[in-house]
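One structure is given below, encoded as structure tokens.
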There are 2 protein chains.
Amino acid sequence: MDEGLKALRARIDSIDDAILQLVSERAGIAQQVGRAKNGEKIYRPEREAQIVRRLREANPGPLSGDTIERLIREIMSACRAVEETPHVAYLGPVGTFSQQAVHKHFGHEVEALAETDIDACFQAVETGRADFALVPVENSTEGAIGRTLDLIVESTLKICGEVMLPIHQTLMRKHGGLGGIQRVYGHAQSLAQCQQWLSRHLPNVERVSVVSNSEGARRAAAEPDAATLGSETAAELYGLTVVEKRVEDEASNTTRFLVLGQTDAAPSGRDKTSLVMGAHNQPGAVVKLLQPLADAGISMSKLESRPARSSNWEYLFFVVCEGHREEAKLAGALAEIKARAAFLKILGSYPAASS
Amino acid sequence: MDEGLKALRARIDSIDDAILQLVSERAGIAQQVGRAKNGEKIYRPEREAQIVRRLREANPGPLSGDTIERLIREIMSACRAVEETPHVAYLGPVGTFSQQAVHKHFGHEVEALAETDIDACFQAVETGRADFALVPVENSTEGAIGRTLDLIVESTLKICGEVMLPIHQTLMRKHGGLGGIQRVYGHAQSLAQCQQWLSRHLPNVERVSVVSNSEGARRAAAEPDAATLGSETAAELYGLTVVEKRVEDEASNTTRFLVLGQTDAAPSGRDKTSLVMGAHNQPGAVVKLLQPLADAGISMSKLESRPARSSNWEYLFFVVCEGHREEAKLAGALAEIKARAAFLKILGSYPAASS
């Protein structure tokens, strides 16, 4: 082995030794913090968000910011597990984007509980079977996941985090190629995200909406004349051949997930607050409710209306705005909205996702 | 926040900054090594084994040696991926112990290809679709996986690594409790590993052998009067309730996996070598073949005979012995065996697993 290579390897060895000492010290401190906090939860979403942000900003390369985030989240996950391992309910089965989102946010030292539907994710936390639920709430192309919005209005759970996951749809089938495809399976949202591509390349092919992309993959594995949409992971998991990658109509297709727990998060310095308001179908009603936010100079990243399921008002407005509910500016605006609104529920304040 | 907690958090921040700098420098060096090696593979099993061993030995706690190994393998995985991401074929579907073994060995920056059977894992590497295959070869309770041994005799692939995975069998079903279970699904090996427990607690219940524990979990999810054996992960993945953990008859139940590639590994300082010999069914034939190992003082960790599929000799003997084939002592013994054996094939030398 030449001298140059030897020197590089010696430097890697001393780096690894230093990392070992630092990670060990970090885990020891995490234990002390756990004791200092006196029975408080070890998982502090605002604290982890601050750490991730600082390291992403300081990242000198060559590793990507996403890789740095992944490694530090795994280190935090390992240190956390010295004291406790969070149980996280998510929309199963395995191979779904939701499972990827769980590990993106909590690392791998986590008990990930695959639930059969979004309702079961909420129930898992409400009954204490899980510490957190991670549920999809909106897709950048297709909009809101209605069931999550409906459940969150009634639930006692609070939003304590968000996860943004870039979603790339892959078309896959048992054997490759577009020839002979009779039907395309996919979750309704996935089919919707790819409708232009499907109309162009598979114009006369039936589109079958199934309960999840995993179910589509399972069927496509058994039906050579079928294809399915889903994550590339699903192709690996179910032994399918990739026909075409990135068939989504919008390249920046992203799904936003919410982390729900018994409480929301403390301020992290860059937060979002979600709220829902009830309004009657009267001219100017919505403007009146949103005016306090505008007056305070608070920007909204999301506004979504849905028909109310209760009869006391006709519409519900879901708002995501910038800031934490404990910050004076937002607190003032919320107090003003509360005075005007027939119904106001603050769903939680939580750190904005870094990516 | 009290001052003590503040100080601990400040120390964590400076630790994280230091880890960021070290990991980034490490990735930069990995790039230089990649160039220095002039097109050689970035993945060096002997080098990674040495790093893992050194850090496990130096580990001051409180993190376990297994956690330290997991973190450093993730860091190596991330640094490796700056240059290339290995493609690893394994025995699918998802949720199998094989998939856990892939990530235990290669970290998560890997393309894990789920294959339908062990044959397909070999083919994936032989045809260049994958860089490595990871296949089960023996279980501490139940012994050898015959198909892997049969294939490895014919294949041009070499063993370049081993992975030891502790296997805990969990009994699970749709709703909890032992009452009303009519049948228990499981892979044949899993059923065999739990036969005493099953005979004691479910004496009159049918045992149904299925292609994988994942398949058992899939069925148990749909049949409330059935249970299945498998990993706890599978309970999460398929929404089953855990009836009883650790139902395996032997607490130290471990499965050994082999990593197969185009070449074996260079010496790491603590290695194993696998070989297969053909022998005729004559008195003393086996002793004569093994004598050179005994004479050289080389210990064997495994000896397994199988009927030969070719007619040139009656039996094949699979041997795992300590040392690397390039080390003088073992090289001498192997030369002596070669002179005596009707058939000798060295399957590869590779680093012994640390756990």
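The values are calculated or read from the model by the stated rules, or taken from the named source; none is laboratory data. Remember, it's a predicted structure, so these values are computed and weren't measured experimentally. Every residue, glycine among them, receives a Cβ derived from its backbone with ideal geometry; neighbour counts consider all protein chains shown. The protein model used for the area step is the full one, side chains on, heavy atoms only, and it has no ligands, DNA or RNA in it. Shrake-Rupley method; radii C 1.70, N 1.55, O 1.52, S 1.80 Å.
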Since residue A:113 meets every condition but one in (1) part of a helix (DSSP H, G or I); (2) under 19 Å from residue B:231 (Cβ atoms); (3) not small (Gly, Ala, Ser), which condition does it not meet?
(1)
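So that you can scan it fast, the table gives a plain yes or no per residue for (1) farther than 30 Å from residue B:96 by Cβ; (2) free of Cβ contacts under 8 Å to residues at least 40 places away in the same chain; (3) out of contact with any Lys or Arg (no Cβ under 6 Å at 6 or more places or on another chain):
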| position | (1), (2), (3) |
| --- | --- |
| B:259 | no, no, yes |
| B:271 | no, no, yes |
| B:275 | no, no, yes |
| B:280 | yes, no, yes |
| B:284 | yes, yes, yes |
| B:304 | no, no, yes |
| B:316 | no, no, no |
| B:344 | yes, no, no |
| B:352 | no, no, no |
From A:84, A:138, A:57, which residue is in a loop (DSSP other than H, G, I, E, B) and open to solvent by 30 Å² or more (accessible area, probe 1.4 Å)?
A:84
Among the residues in the range A:245-259, are any open to solvent by less than 70 Å² (accessible area, probe 1.4 Å) and within 14 Å of chain B (Cβ to nearest Cβ)?
no
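Looking at the structure I just gave you, is residue B:146 surrounded by fewer than 15 Cβ atoms within 10 Å (Cβ to Cβ) and not charged (D, E, K, R)? First the steps, then the outcome.
Numbers: surrounded by fewer than 15 Cβ atoms within 10 Å (Cβ to Cβ): yes; not charged (D, E, K, R): yes.
Judged against the criteria, residue B:146 is a match.
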Just for the range B:26-38: of the residues that are part of a helix (DSSP H, G or I) and either modelled with pLDDT of 95 or more or open to solvent by less than 30 Å² (accessible area, probe 1.4 Å) (or both), which one is farthest from the other protein chains (Cβ to nearest Cβ)?
B:34
Exception for residue A:165 within (1) under 30 Å from residue A:43 (Cα atoms); (2) in contact with a Gly (Cβ under 7 Å, 6 or more places away or on another chain) falls at (2)
Look at the range A:242-272 and say how many of its residues are within 17 Å of the chain's Cα centre (by Cα) and at pLDDT below 90.
4
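Are there any strands (runs of 3 or more DSSP E) wholly within the range A:245-355 with 1 or more residues that are β-branched (Val, Ile, Thr), and if so which? Walk me through it before giving the result.
Working: elements: A:254-261, A:271-279, A:300-307, A:315-322, A:343-351.
Qualifying strands (runs of 3 or more DSSP E): A:254-261, A:271-279, A:315-322, A:343-351.
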Show the residue pairs that are 6+ apart or on different chains and have beta-carbon atoms under 8 Å apart, the first residue being within the range B:201-228 and in the same structural domain as residue B:176 (by TED's automatic domain parsing), the second being among the acidic types (Asp, Glu).
B:201/B:244
Among the residues of the range B:217-241, count how many are surrounded by fewer than 24 Cβ atoms within 10 Å (Cβ to Cβ), modelled with pLDDT under 90 and outside any loop (DSSP other than H, G, I, E, B).
4
Of A:341, A:285, A:296, A:353, which residue is among the hydrophobic types (A, V, I, L, M, F, W, C), modelled with pLDDT under 85 and surrounded by 14 or more Cβ atoms within 10 Å (Cβ to Cβ)?
A:285
Could you go through the range B:156-172 and let me know if any residue there is open to solvent by 10 Å² or more (accessible area, probe 1.4 Å) and within 14 Å of another protein chain (Cβ to nearest Cβ).
no
Regarding residue B:73, is this residue more than 9 Å from every other protein chain (Cβ to nearest Cβ) and either crowded, with 19+ Cβ neighbours inside 10 Å or closer than 27 Å to residue B:237 by Cβ (or both)?
yes
Matching residues, the range A:301-338, being modelled with pLDDT under 85, of a type in the set (D, E, K, R) and within 30 Å of residue A:68 (Cα to Cα)
A:302
If we scan the range B:175-197, do we find a residue that is over 25 Å from residue B:91 (Cα atoms) and assigned to a helix (DSSP H, G or I)?
yes
Say we look at the range B:1-25 and pick out the residues that are open to solvent by 50 Å² or more (accessible area, probe 1.4 Å) and facing chain A (nearest Cβ under 7 Å); which of these is nearest to residue A:33 (Cα to Cα)?
B:11
Could you tell me which residue of the range B:116-128 is nearest to the chain's Cα centre (by Cα), considering only residues that are within 12 Å of chain A (Cβ to nearest Cβ) and open to solvent by 20 Å² or more (accessible area, probe 1.4 Å)?
B:117
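Here's the yes/no breakdown for (1) surrounded by fewer than 16 Cβ atoms within 10 Å (Cβ to Cβ); (2) more than 20 Å from the chain's Cα centre (by Cα); (3) farther than 30 Å from residue A:43 by Cα:
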site: A:152; (1), (2), (3): no, no, no
site: A:179; (1), (2), (3): yes, yes, yes
site: A:184; (1), (2), (3): no, yes, yes
site: A:200; (1), (2), (3): yes, yes, yes
Which residue pairs have Cβ atoms under 7 Å apart, sit 6 or more places apart or on different chains, and have a first residue in the range A:91-110 that is at the interface with chain B (Cβ under 9 Å from one of its Cβ atoms) and a second that is surrounded by fewer than 24 Cβ atoms within 10 Å (Cβ to Cβ) and at pLDDT below 80?
A:92/A:116; A:93/A:212; A:94/B:94; A:95/A:233; A:95/B:94
